[in-house]
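In what follows, a structure is listed as structure tokens, so that the remarks can point back to it.
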Amino acid sequence: MEVDVKNRKGGEFLIKSTDYQDVFTPEQYDDEQKMMASMCKDFLDSDILPHLDAIDRQEEGLMEKLLNKAGELGLLSASLPEKYEGFGKDFTTSLLITEMMGAGHSFAVALAAHTGIGMLPILYFGNDAQKDKYLPKLGSGVLKASYCLTEPGSGSDALAAKTKAVLTPDGLSYVLNGQKMWITNAGFADVFIVFAKIDGEHFTGFIVEKGTAGMSLGNEEHKMGIKGSSTRQVFFSDCKIPKENVLGEIGKGHLIAFNILNIGRIKLAAAALGASKQTSTIAIKYAKERIQFKMPIANFGAIQHKLAEQAIRIYAVESALYRAGADIHQKEEQLRGMGKTNEEALLGAASDYAIECAILKVAGSEVLDYVADEGVQILGGYGYSADYPMDRAYRDSRINRIFEGTNEINRMLILDMFLKRALKGELDLMSPAMAIQKELMSVPESKDLGIGIFAQEKEVLVQLKKSILMTAGFAAQKFMLTLSHEQEILMNLSDMIIDVYVAESTLLRTEKLISLKGEKEGNIQVEISKVYLNDAIDRIYLAGKNAITSMTEGDEQKMLLLGLKRFTKSTSINTKESRRKIAKKLIEADKYIF
Amino acid sequence: MKILVCITHVPDTTSKITFIENNSKFNSAGVQFIIGPYDEYALSKAIDIRDKQGVGEITVLNVGTSETENTLRKALAIGADKAVRVDSEPISSIFTATQISNFVKNNSFDLVLMGRESIDFNGGIVHTLVAEMLDWECVNPIMKLDIVGDKLLMTKEVDGGKEEIEANLPLVLGCQEPIAEWKIPSMKGIMSSRTKPLVVIDPIPVSIGSKVLAFEVPQPKSGCKMIDPSNLEQLVELLKNEAKVLN
């Protein structure tokens with residue numbers, strides 16, 4: 001894939017503007033990528049969606065059979081290097097495949113666990129012998145993978161794991177003891193990536209093969225959703241594994257766990273996007289068929305508002321997803337050009353964009369939850385019936401806000417990473433924050449707007465970013481090292497940052513779309529982008545206000561609130577009319593189409 | 001065995017059908033195009049035959065403008081070896097059949113497969129016309145095909161039953177499900193489809209005796225009225241006076 005984008009550093013969006021020509025958008029997929037997306041859709045339609053009930057019942061052998069078929073199609077090895085019999089596809093293609101398969105409910109979870117957290121630790125941290133041994137078989141589906149990090153007492157606080165590894169006196173093996181929990185694919189996996197502390201101290205990754213003496217599985221967990229995904233506890237009781245199965249460096253297990261999570265997070269957003277689009281389509285079709293008061297409920301404004309709002313949020317998060325994805329791809333190419341190996345390049349790139357990955361994890365999972373929740377509402381009683389598809393969509397959606405780091409952990413990480421990068425001098429947050437302080441003391445100047453379709457909106461974005469820098473800058477100064485204890489403020493600030501990144505991505509995508517296809521083709525997307533920004537401004541104001549009032553008093557508070565008001569000023573638009581236009585387009589198309 | 005599979009490029013079965021230019025032309029704006037589903041069964045069967053025999057070559061052919069090339073590429077991704085596009089709108093069944101038979105005459109094929117009918121115009125006669133022009137046998141629609149030695153054993157759907165047919169090559173066959181399992185292109189297939197040959201040839205002239213003046217979309221059926229079983233009289237009344245199907 002040719003990516004002609006000039007990327008900014010990870011996190012730099014907060015202090016700099018981006019030109020639409022420098023972002024990648026879904027309108028730029030090449031023919032091969034479109035064919036791969038269509039292959040995924042064919043596979044879903046023929047092999048997955050007709051069997052969702054059987055998958056959720058965990059019919060014996062079915063999930064393995066479907067994963068094998070995915071392996072035959074090449075879906076498990078799309079992003080594996082050719083050296084390991086993979087297809088070596090770029091990151092954007094791999095996101096697109098993840099998005100398409102994301103509509104596959106429990107199957108999507110099994111697939112993502114296998115190709116993501118299951119396979120990637122070996123690809124990125126395994127030695128040559130481990131890669132040669134496992135990767136081709138994991139890519140073809142002959143072997144299935146699983147990832148064992150969480151324990152009953154350590155979820156978000158992953159490094160508090162109690163599972164222990166002790167080297168045997170002969171120095172040839174490690175003996176594992178401990179318990180892992182919520183392990184996806186455990187029931188049928190052949191290869192388990194296990195984290196344990198050597199001598200209770202050095203957090204390290206291990207590869208454990210199925211059938212190793214001393215390893216056993218708990219029963220299938222009863223879950224709210226993704227019922228077809230195998231989730232079990234995994235127990236290690238004097239489980240002896242050869243020392244060759246240590247994955248990566250001893251004591252550096254956290255590098256595996258956290259680096260893999262960056263990629264996992266952005267991919268989770270991709271999967272959630274695919275599920276959101278499918279859920280929106282179900283809602284649109286139902287709203288057109290359901291007759292009440294002698295007309296389809298799709299004719300009613302309240303329903304049109306919901307249909308439009310689902311689409312607005314989906315389009316917005318999709319814009320951000322592929323923008324970040326291409327930025328990662330570009331960075332990866334750059335690192336490769338600097339002599340890094342393929343593995344180092346992608347890991348390095350994902351780590352550079354870890355802020356964006358965390359933003360997308362939160363945004364993607366929350367968009368899906370919104371879309372599924374309103375989907376239930378649009379279907380009314382039928383939405384609540386387990387015989388209709390919205391029930392499954394609603395239940396399966398919920399886990400996304402929990403796994404791959406809860407959304408709360410991710411929100412805190414966003415701020416944490418920004419501040420760490422600022423402290424290290426990697427991101428210059430200080431100069432713009434100082435400039436804002438100065439600006440606050442001066443009389444607002446009227447500014448000439450730039451040119452282009454979103455000249456006014458872009459100026460609004462510049463101001464919104466100032467509102468964040470002002471509030472975050474004040475919080476950092478006030479609390480210094482104890483800011484991490486002010487979780488409510490961190491939540492407010494990260495909400496502001498997420499909205500700015502997504503709103504900006506939306507505007508950039510639409511601008512690019514118009515440059516590629518003309519204004520007529522993008523007129524509804526213009527409405528989408530404007531409504532998203534319009535609502536984001538109010539959300540940002542509210543989050544900012546809550547942050548400011550919870551850390552200031554008196555004149556200081558007054559001054560900051562005035563500044564916030566100034567930086568979140570905008571002209572209002574008629575969102576009802578915009579949403580009606582958006583809904584009309586969806587209803588005509590009979591599916592999500594943006 | 002050299003097999004020619006003729007494929008149509010048709011709107012996805014869920015497309016909204018509308019017409020433009022005084023109802024004389026199909027409105028393709030926003031429509032997703034696919035390989036005709038029956039043609040896709042024909043292609044899947046051709047692949048099964050080639051893969052079982054371990055030798056042979058499958059050519060896919062479409063009569064269409066450059067817009068159909070993605071459809072041909074998909075056929076290559078599914079497993080055809082090469083593709084040919086006859087560069088013209090498929091103006092009529094006679095026109096299309098003439099192009100196909102001309103291509104078969106200029107190239108040697110043992111078997112010509114296609115769907116029982118396209119799902120846009122549903123003419124359902126191109127296979128028969130091609131066979132006539134080539135002076136070959138034609139069987140349509142077939143649901144099952146086995147090759148034993150040099151004999152082709154087929155099951156054909158007929159009104160109220162099935163017919164078992166045995167024939168020799170060369171043949172033209174119209175296919176329908178469940179002749180073969182529908183195939184999804186693999187990643188490998190997609191990547192190799194970019195490098196497989198896709199040849200564009202000019203159509204030969206055909207004199208066309210008819211042309212389409214206008215299309216009409218059927219009116220949607222009116223809603224269904226439910227009558228309680230205890231109200232048989234009301235049902236009779238409605239059948240007589242409203243539906244006018246009883247005297």
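Summary of the geometry: segment A:410-428 and segment A:537-594, compared by the centres of their Cα atoms, lie 25 Å apart.
Highest mean first, the peptides A:113-122, A:40-49, A:449-458 sorted by other C-beta atoms within 10 Å per residue fall in the order A:113-122, A:40-49, A:449-458. Applying the Karplus relation 6.51 cos²θ - 1.76 cosθ + 1.60 with θ = phi - 60° to segment A:253-265 yields 3J(HN,Hα) values of x, 4, 5, 5, 4, 7, 5, 5, 5, 4, 5, x, 5 Hz, where x marks Gly and Pro. Legend: P(r) of segment A:12-144 from all alpha carbon pair distances, 5 Å bins from 0, whole percents, reading 2, 10, 19, 20, 16, 13, 10, 6, 3, 1, 0. Across chain A, C-alpha contacts under 8 Å between residues 6 or more apart give a mean separation that, scaled by the residue count, equals a relative contact order of 15 percent.
Helix-only arithmetic for chain B: the sum of -39500 (n - 2.57) across DSSP H runs with n ≥ 4, divided by the residue total, places the mean residue ellipticity at 222 nm at -8000 deg cm²/dmol. For a straight C-alpha distance cut-off of 23 angstrom, the lysines reachable from B:Lys221 (same-chain residues fewer than eight places away being disregarded) are A:Lys285, A:Lys288, A:Lys294, A:Lys591, B:Lys16, B:Lys240, B:Lys244. Here's how it looks for A:Leu247: its modeled amide H is under 5 Å from those of A:Gly205, A:Phe206, A:Ile207, which are all 5 or more places away or on a different chain. The Kirkwood radius of segment A:147-247, taken over pairs of alpha-carbon atoms, gives through the Stokes-Einstein law at 20 °C and 1.002 mPa s a diffusion coefficient of 158 µm² s⁻¹. Remark: spin-label model distance A:Glu201-B:Asp146 equals 7.2 nm, labels positioned 7 Å along the Cα→Cβ axis. Note on segment B:2-218: the alpha carbon radius of gyration divided by the globular reference 2.2 N^0.38 Å gives 1.00. Taking a sphere under 14 Å around the Cβ of A:Thr98 and counting the other residues whose Cβ falls inside, with K and R at +1 and D and E at -1, yields a net charge of +2. Using the Karplus relation 6.51 cos²θ - 1.76 cosθ + 1.60 with θ = phi - 60°, the per-residue 3J(HN,Hα) values for segment B:52-61 come to 5, 6, x, 9, x, 8, 10, 10, 9, 10 Hz, with x marking Gly and Pro.
Karplus-derived 3J(HN,Hα) values for segment A:370-387, using 6.51 cos²θ - 1.76 cosθ + 1.60 with θ = phi - 60°, are 5, 4, 5, 4, 5, x, 4, 5, 5, 7, x, x, 5, x, 8, 7, 6, 8 Hz; glycine and proline are entered as x.
Proximity of backbone amide H atoms, modeled 1.01 Å from N, is registered between B:Phe33 and B:Asp12 at under 5 Å, excluding neighbours fewer than 5 places apart on the same chain. With springs connecting C-alpha atoms under 10 Å apart, model chain B as a Gaussian network and identify which of B:Asn231, B:Asn106, B:Asn168 has the largest mean-square fluctuation. The residue that fluctuates most here is B:Asn231. Relative contact order of segment A:12-144: 27 percent, from C-alpha pairs under 8 Å at least 6 residues apart in sequence. For segment B:90-144, the relative contact order is 39 percent, taking Cα pairs closer than 8 Å that sit 6 or more residues apart in sequence and dividing their mean separation by the residue count. Largest first, the three principal axis extents of the alpha carbons in segment A:254-409 are 67, 25, 22 Å in whole numbers. Distant-in-sequence amide contacts of B:Glu57, defined by a placed amide H-H separation under 5 Å and a gap of 5 or more residues or a different chain, comprise B:Lys2, B:Ile3. The three principal axes of the Cα atoms in segment A:449-543 give end-to-end lengths of 51, 22, 19 Å, sorted in falling order.
Sorted from longest to shortest, the spans of the Cα atoms of segment A:263-355 along the three principal axes equal 67, 17, 16 Å.
The distance from the alpha carbon centre of segment A:72-139 to that of segment A:206-260 is 18 Å, rounded to a whole number.
Need one word for chain A: rounded, prolate or oblate. Basis is the Cα gyration tensor (sqrt eigenvalues a ≥ b ≥ c); a/c below 1.5 gives rounded, then a/b vs b/c decides.
Because a/c hits 1.5 or more and a/b fails to exceed b/c, chain A counts as oblate.
Treat segment A:202-246 as a sphere of radius equal to its Kirkwood radius over Cα pairs and apply Stokes-Einstein at 37 °C in a medium of 0.692 mPa s; give the translational diffusion coefficient in µm²/s, rounded to a whole number. In µm²/s, the coefficient rounds to 264.
Taking each DSSP H run with n ≥ 4 as -39500 (n - 2.57) and averaging over every residue of chain A yields -19000 deg cm²/dmol at 222 nm.
Note on the protein assembly as shown: with charges restricted to the Cβ of Lys and Arg (+1) and Asp and Glu (-1), its dipole about the Cα centre is near 1600 debye. Shape summary of segment A:117-189, radius of gyration then Dmax from alpha carbon positions: 14.2, 38 Å.
Comparing B:Glu216, B:Glu89, B:Glu233 in a Gaussian network model of chain B where C-alpha atoms under 10 Å apart are linked, the largest mean-square fluctuation is found at B:Glu233.
Binning the alpha carbon pair distances of segment B:1-90 at 10 angstrom intervals from zero yields the distribution 17, 44, 26, 10, 3, 0, expressed in whole percent. Give me the Debye-computed log₁₀ of I(q)/I(0) at q = 0.28 Å⁻¹ for segment B:191-247, equal point scatterers on Cα only, no solvent, two decimals. Results for segment B:191-247 at q = 0.28 Å⁻¹ read -1.21. The DSSP beta bridges internal to chain B are antiparallel in roughly 40% of cases. Other protein chain C-beta atoms within 10 Å of residue C-beta, averaged over A:559-567: 0.
Sorted on the mean count of surrounding Cβ atoms within 10 Å across their residues, most packed first, peptides A:415-426, B:204-215 read A:415-426, B:204-215.
Rounded to the nearest 5, what % of DSSP beta bridges with both residues in the protein assembly as shown are antiparallel?
Roughly 60 percent of the DSSP beta bridges within the protein assembly as shown come out antiparallel.
Between B:Asn241 and B:Lys162, the simple spin-label model (points 7 angstrom out along Cα→Cβ) gives 5.1 nm.
Every number here is computed from the coordinates shown, using simple stated rules; none is lab data. A quick note: this is a predicted structure, and the numbers were derived from the prediction, not measured. Glycine also receives a Cβ, built like all others from the backbone with ideal geometry; neighbour counts cover every protein chain displayed.
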